[in-house]
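Notes for the one structure printed next.
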């Protein structure tokens, strides 16, 4: 098995120019986008427009002053509610963006799961409002679905954004990696000849898949390290979960690329489908080219048709909101796509051998 994997990697990296391009081009793209798109992300956070802030305090804190601390284009309006449950109901009904509940020397910050940017902004204002003696000694308690205070001060720069989306986009290009192997197998009738070799068919295909996965990891790892160590991109504190998301994306892309070739049985046609349809559409909807946001439910649903949208948004929520739910949902989606591709590959291969 190890020998087969090593042979697969050597076969794929025989084109040194291809390997060098796949290593250097993403790094160049990261540097360029981080520089030229810097002003687009100069706000230091996710985009926030109007915020309706509901407040309730058992100690009588006056949070009304926070409206005067709001800066930039953010419109912040503050109103009072009469209790914890009423504040939660205001959130459920969509009457407010964020709810502050002050009790027992702590301030709990509640928000809808999709309002993490607004919640971040409000928590940052609490720091500015700490000059008020009634707030200075208050702690900020972790309410359900709340952003930890230590995460909200990290600037959201162009390097942070493109350091994530460019890497996830480049991971998609692993779909192309197994095409040359599949094409070689077809031309030399490898599948048909496996039956008379000492290597089992499952072992052969497992080696092909693993060689493609290992090669992509070898390409992505230095790009990821460059984004973190040189550009200072923020990948948060959930490194294992983020790494699992990238790894599962690589696995999904390998299986999808092999399935495309299995259906078309032609290198050029498979390359066209992957490079002009799958990767561009998934990357665009996922925000790989430009940052896409919409309040329209229909457009939001369209954006979520891309698995990369789930991955990117899940990573950003994990990094900046300490909210891992969407990334975990993506892991399920990617695993499901991978399983479907694997089943279809087995069926196609079995039929091919029989014929």
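Given the criteria at pLDDT 80 or above and in contact with a strand residue (DSSP E or B) (Cβ under 9 Å, 6 or more places away or on another chain), does residue 109 qualify? Yes.
Restricting 240, 230, 251 to residues that are touching a helix residue (DSSP H, G or I) at 6+ places or on another chain (Cβ under 8 Å) and either surrounded by fewer than 16 Cβ atoms within 10 Å (Cβ to Cβ) or at pLDDT 80 or above (or both) narrows the list to 251.
Sub-7 Å Cβ pairs linking a first residue in region 12-28 that is under 23 Å from residue 162 (Cβ atoms) to a second residue that is at pLDDT below 85 and surrounded by 10 or more Cβ atoms within 10 Å (Cβ to Cβ), at least 6 apart or interchain, are 19/13, ordered by first then second residue.
Considering 41, 99, the condition of being at pLDDT 80 or above and surrounded by 14 or more Cβ atoms within 10 Å (Cβ to Cβ) is satisfied by 99 alone. Go through region 265-292 and give me each residue that's surrounded by fewer than 16 Cβ atoms within 10 Å (Cβ to Cβ) and either in a helix (DSSP H, G or I) or not assigned by TED's automatic domain parsing to the domain that holds residue 341 (or both). Answer for region 265-292, where residues must be surrounded by fewer than 16 Cβ atoms within 10 Å (Cβ to Cβ) and either in a helix (DSSP H, G or I) or not assigned by TED's automatic domain parsing to the domain that holds residue 341 (or both): 268, 269, 272, 275, 276, 277, 280, 281.
The values are calculated or read from the model by the stated rules, or taken from the named source; none is laboratory data. What you see is a predicted model, and the numbers here were worked out from it, not measured in a lab. In this analysis, Cβ positions are derived from the backbone assuming ideal geometry, glycine residues included, and neighbour counts consider all displayed protein chains.
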